[in-house]
Amino acid sequence: MKMIDKFIFVPFFAALLAFSHYAAASAWDESLRLESLAQYTSALAVMETIVKEEPNNEYANLRVAWLSYLSGKHSQSIKYYQKALSLNDKSLDAQVGLLLPLLAQSRWVEVEMKAKRTLSAAPWNYYAHIRLMIAEEALGKWQTLSLHTQEAHHRFPSDVTVLVYQARAHRWLKEVKKAKQAYAQVLRRYPGHIEALQFLAETY
Amino acid sequence: MSSITKTASCDFVLSVSPCFAILIFVFTSPCVIANDWSTQIKLESSFLNYHDSDVRDSAYTIGGQVHLDFLEKMYFLTGYRYSHVDALANNLVNMEEIQEDLFFIGAQYNFYSDILPGKYGLRVDAYYGEMETFFTIFQEAEFQGRNRKPASSVTMIQDNDFASISPVLSYTNYLKTLYFDFVFAFSDYGDFSVNQFSPAFGFAFNARKNWMLFRGHFIEQEKNFTTVYGKNNTAIEVSWTHWLGLNAPLGLNSFGASILAGERIYALDPDANQVFTFADLQKGSVAFFFQWQPNELVQILIQAGSQKFEDKVIGDNYSSKYAYVNLSRKW
């Protein structure tokens, strides 16, 4: 009788385990598939079931945070990025990811402070620099933005975005010659850049 | 020789201890990270000249406030304003001057929601003021037997203390193109009290370069049976602000105008943190303002305007012209 039980139940449990593993894997895959189709709300719904079952899964929390941001649920996104950070406070993914919903909520001072904190741990993290520049622009910190972009341009000399922010800072500081130089460099890297073309046409 | 008469005292004692407790918590909390806090100090002054008044000549105010922000999550503010009104010589009511000390504190906590996306602010402001009105009392010559007591004058001081509390619920969308608030205020003047409801609606237009704000003032006086101003007063205020971009003339950051139509008295102005206690019935105003930002930390605001008032007790219709300046710096 015992032998019969073994023959029946062991394969049954093995099959059940395999099925549940397959189901979980397919849920992860499904969320990626839906995200690739820009169906962010559906992708988020799939991930939310996973994170409910595995609340301390760091990657699941990061995925929910990211998909919440893409779905326009910015407060929820912040909550999950913070949860991911509580699971791993060294995570640069979570630190720079958190800046996105904060930017969407126009929380410029908070972005500035958090980006600076990230940069103290990872001084040349590109995303932290760009998101800090967005906050500095929104706060009208033109002198700070000018100095920041000059430093960043040395580190990312081929980057267009840094040069655009540099040109804007020079414009607000009424440094027309420097602004023209920066926009000229933008056009070298991105021919047809509308903002650069407009400024150079206005100041010709 | 002087005699002091207390005609009104405020029974309502505002409990400010919870606010101080919050401030103590804020400064001592171990989770406080210095960088997350920013401070703004604002100094302000105004000068006002009355025209066609039978009583008032001129006035000035001087004050300051400290604004303590914790990121975009909450703020605390505390401030003080001294106001002084000089009366005309030999005026109808024998008033000499008015002095007022106004103390105020406030706090706001912001919530961010995904349901109706935006920032929701829950704010409470509290005000306490002490106003002294100085009158001249003339005493006629008296004869007591052979002794003649010559005519003389004494100064009588009328004290009026008041307190106000004002909860505010506000909403701003994330793009900062829409704004609503609901301002409630309860003011206690000892002999009577005032309830106020001042909702506002604001919106940005023209690529957020312009901002319009409409605010209604619905003011109701309670237990003031002697008032000649009516139980209810209503006014509407409209202000427009235009932000200048690059190449702004005179280095201006923004400028704008505001008008007030209708009538209001004993009003609390939630935008200026002001309680209009010694003003008569305000019957309209117009103002222009200009704001500069010489660097990232400093702002200067200059405002000039004209206001119409009526003192219904003595039938005094008059106006005033004023200039106001404030200088603020962030740390």
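The values are calculated or read from the model by the stated rules, or taken from the named source; none is laboratory data. What you see is a predicted model; the values in this text were computed from it and never measured. Cβ atoms come from the backbone with ideal geometry, glycine included; neighbour counts cover every protein chain shown. Ligands, DNA and RNA are excluded from the accessible area calculation, which covers all protein heavy atoms including side chains. Shrake-Rupley method; radii C 1.70, N 1.55, O 1.52, S 1.80 Å.
Annotations
- Packing order of peptides A:114-127, A:88-101, highest average first: A:88-101, A:114-127 (average count of other Cβ atoms within 10 Å over each peptide's residues).
- Per residue accessible area of the protein assembly as shown, 1.4 Å probe, in Å²: 53
- For the stretch A:32-80, accessible area lost to neighbouring protein chains reaches 10 Å² or more, against the chain alone with a 1.4 Å probe, at A:Gly72, A:Lys73, A:His74, A:Ser75.
- Note on the stretch A:49-116: Kirkwood radius taken over Cα pairs, Stokes-Einstein applied at 10 °C and 1.306 mPa s, translational D equal to 136 µm² s⁻¹.
- Using a Förster distance of 45 Å, the FRET efficiency for B:Asn317-B:Asp101 (Cβ separation, nearest 0.05): 0.95
- Chain A - percent relative contact order, Cα under 8 Å, separation 6 or more: 9
- Note on the protein assembly as shown: with charges restricted to the Cβ of Lys and Arg (+1) and Asp and Glu (-1), its dipole about the Cα centre is near 2200 debye.
- Equivalent-ellipsoid semi-axes for chain A (Cα gyration tensor, √(5λ), whole Å, largest first): 48, 18, 14.
- Cβ charges +1 (Lys, Arg) and -1 (Asp, Glu), total dipole of chain A, debye: 580
- Acute angle (nearest 10 degrees) that the helix B:17-28 long axis makes with the longest principal axis of chain B, alpha-carbon atoms: 40
- Whether the stretch A:126-204 is rounded, prolate or oblate, judged on the alpha carbon gyration tensor where a/c under 1.5 counts as rounded: oblate
- At most 15 other Cβ within 10 Å, DSSP loop - GluC sites (Glu not before Pro), the stretch B:131-182: B:Glu140
- Candidate cross-link partners of A:Lys174 among the aspartates and glutamates, defined by an alpha-carbon separation under 19 Å and a same-chain spacing of 8 or more, comprise A:Glu136, A:Glu137, A:Glu195, A:Glu202, B:Glu296.
- Relative contact order (%) - criterion: Cα under 8 Å, at least six apart; region: the stretch B:227-298: 32
- The stretch B:113-176, accessible surface, carbon-and-sulfur percent (1.4 angstrom probe): 59
- The stretch B:281-331 - percent relative contact order, Cα under 8 Å, separation 6 or more: 37
- For B:Gln274, distant residues with modelled amide H under 5 Å away: B:Asp269
- Relative counts (whole %) of C-alpha pair distances in the stretch B:50-140, using bins that are 5 Å wide: 3, 12, 15, 13, 11, 10, 9, 8, 7, 5, 4, 2, 1, 0, 0
- MRE, 222 nm, helices only [DSSP H, n ≥ 4, -39500 (n - 2.57), over chain A, to nearest 500]: -26500 deg cm²/dmol
- Cβ charges +1 (Lys, Arg) and -1 (Asp, Glu), total dipole of chain B, debye: 800
- Across peptide A:111-120, the mean count of Cβ atoms from other chains lying within 10 Å of each residue's own Cβ comes to 2.
- Selection from B:Gly121, B:Asn295, B:Val85 lying farthest towards where the dipole of chain B points positive, charges on Cβ: B:Asn295
- Burial ranking of peptide ranges B:263-270, B:87-94, A:169-176, B:168-175 (average Cβ count within 10 Å, highest at the top): B:263-270, A:169-176, B:168-175, B:87-94
- Buried on complex formation within the stretch B:56-73 (loss of at least 20 square angstrom of accessible surface versus the isolated chain, 1.4 Å probe, ligands and nucleic acids ignored): B:Leu71, B:Glu72, B:Lys73.
- Under 17 Å from the B:Ser113 label point (7 Å along Cα→beta-carbon), backbone N, the stretch A:93-109: A:105
- The modelled label-to-label distance for the pair B:Tyr82/B:Thr136, using points 7 Å beyond Cα in the direction of Cβ, is 2.4 nm.
- Once A binds B, the 1.4 Å probe can no longer reach about 1700 Å² of accessible area, counting both sides.
- Surface composition of the stretch A:126-204: carbon plus sulfur atoms hold 55% of the accessible area, using a 1.4 angstrom probe and ignoring ligands, DNA and RNA.
- Among A:Ser75, A:Thr41, A:His129 the positive-end extreme of the charge dipole of chain A (Cβ point charges): A:His129
- Calculated Rg and Dmax of the stretch B:193-277 using C-alpha coordinates, Å: 16.8, 57
- Rounded if a/c under 1.5, otherwise prolate or oblate - the stretch B:178-331, Cα gyration tensor axes: prolate
- Listed residues A:Gly140, A:Gly72, A:Gly192, most fluctuating in chain A (Gaussian network, C-alpha, under 10 Å): A:Gly192
- Straight-distance crosslink candidates among lysines, where the alpha carbon sits under 25 Å from A:Lys79 and sequence neighbours closer than 8 are dropped: A:Lys52, A:Lys90, A:Lys114, A:Lys116, B:Lys73, B:Lys119, B:Lys176
- Alpha-carbon Rg/Rh ratio, for the protein assembly as shown, with Rh computed the Kirkwood way: 1.12
- Carbon and sulfur %, accessible surface of the stretch B:252-310 computed with the full protein complex present, 1.4 Å: 62
- Tail beyond 39 Å, pair distance distribution of chain B (Cα, percent): 20
- Interface residues in the stretch B:100-117 - accessible area drops by 30 Å² or more relative to the isolated chain, probe 1.4 Å: B:Tyr112, B:Asp114
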